[in-house]
Structures are given as C-alpha cells and as structure tokens.
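Single-structure report; data block below.
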Amino acid sequence: MRLRKGDLVEVLTGEERGRRGKVLEVQRNKQTGRARVIVEGLRLAKKHRRTTRADKPGGIIDLPTPVEESNVVLLCPKCGKRTKVRREPHEGRRVRVCRECDEIIDT
C-alpha cells in the first residue's frame, strides 16, 4: 500500500486534476487488491438527508467520494515535491523514504 491516512496527495487526472488534499481514509478491496482513497475536500457529492431525530437535522450535505489510488500521487512533507517512495529499514522497522530528498516520510 503506497498511501496512508494523513498523507498529503495531489490528483493526477479528472476534474480535480492538480488539486491537493489530505487522505482521510484508505479503502482496500480484498478481492481485487485495489485501493481507493478519500481525499479531504475533493470529489464532493451532494446527499439529501432526511431528519431522523430532533438532534439530527436534515438537509443537503457534501460527502467526499473515493478516488482510485493510481490517480493520486504522494507529496513529500519535507520537500513538497511529487514523489515515489522506497522502503528502507530504520530502527528495527521498515519506513517509507522520499526518492527526491531521501527524507523519512513516516512519523
């Protein structure tokens, strides 16, 4: 899995091309092994919600919809560039490392 919750990504294709956002959730399909990510503020769909209780008001809300993992690219938090990652052992665990600036991405 290339992306994790909290990563900063940029969209490569579609209407939202070039926009950046934070990964809120990674959804993995167990049968196909493909992943989709929900990015904060991108691909918003309108949902008409009915009032169910007095404390839950109805109305039109914006829900983020998932994007294919292949249509987004990770942005390095240190150098800010689009990057691919490599895995390296560091202090007894494998961490993701930016190929552009050789900084550790995992916190």
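The values are calculated or read from the model by the stated rules, or taken from the named source; none is laboratory data. Keep in mind it's a predicted model, so treat the numbers as computed, not measured. Ideal geometry is used to build each Cβ from the backbone, glycine not excepted, and the neighbour counts take in all protein chains shown.
Tabulated data for the structure shown
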read-out: Top-ranked residue of the range 2-42 - restricted to ones that are small (Gly, Ala, Ser) and in contact with a helix residue (DSSP H, G or I) (Cβ under 9 Å, 6 or more places away or on another chain), ranked as farthest from Ser70 (Cα to Cα); value: Gly14
read-out: Complete set of residues in the range 1-42 that are out of contact with any strand residue (DSSP E or B) (no Cβ under 6 Å at 6 or more places or on another chain) and more than 30 Å from Arg94 (Cβ to Cβ); value: Gly14, Glu15, Glu16, Gly18
read-out: Entirely in the range 1-78, the strands (runs of 3 or more DSSP E) that have 1 or more residues that are of a type in the set (Lys, Arg) and surrounded by 10 or more Cβ atoms within 10 Å (Cβ to Cβ); value: 20-28, 35-39, 44-49
read-out: Qualifying residue in the range 69-92 (condition: of a type in the set (Gly, Ala, Ser), under 13 Å from Leu3 (Cβ atoms) and touching a helix residue (DSSP H, G or I) at 6+ places or on another chain (Cβ under 6 Å)); value: no
read-out: Scan of the range 81-107 for residues that are modelled with pLDDT under 90 and touching a Leu at 6+ places or on another chain (Cβ under 9 Å), ordered by number; value: Ile105
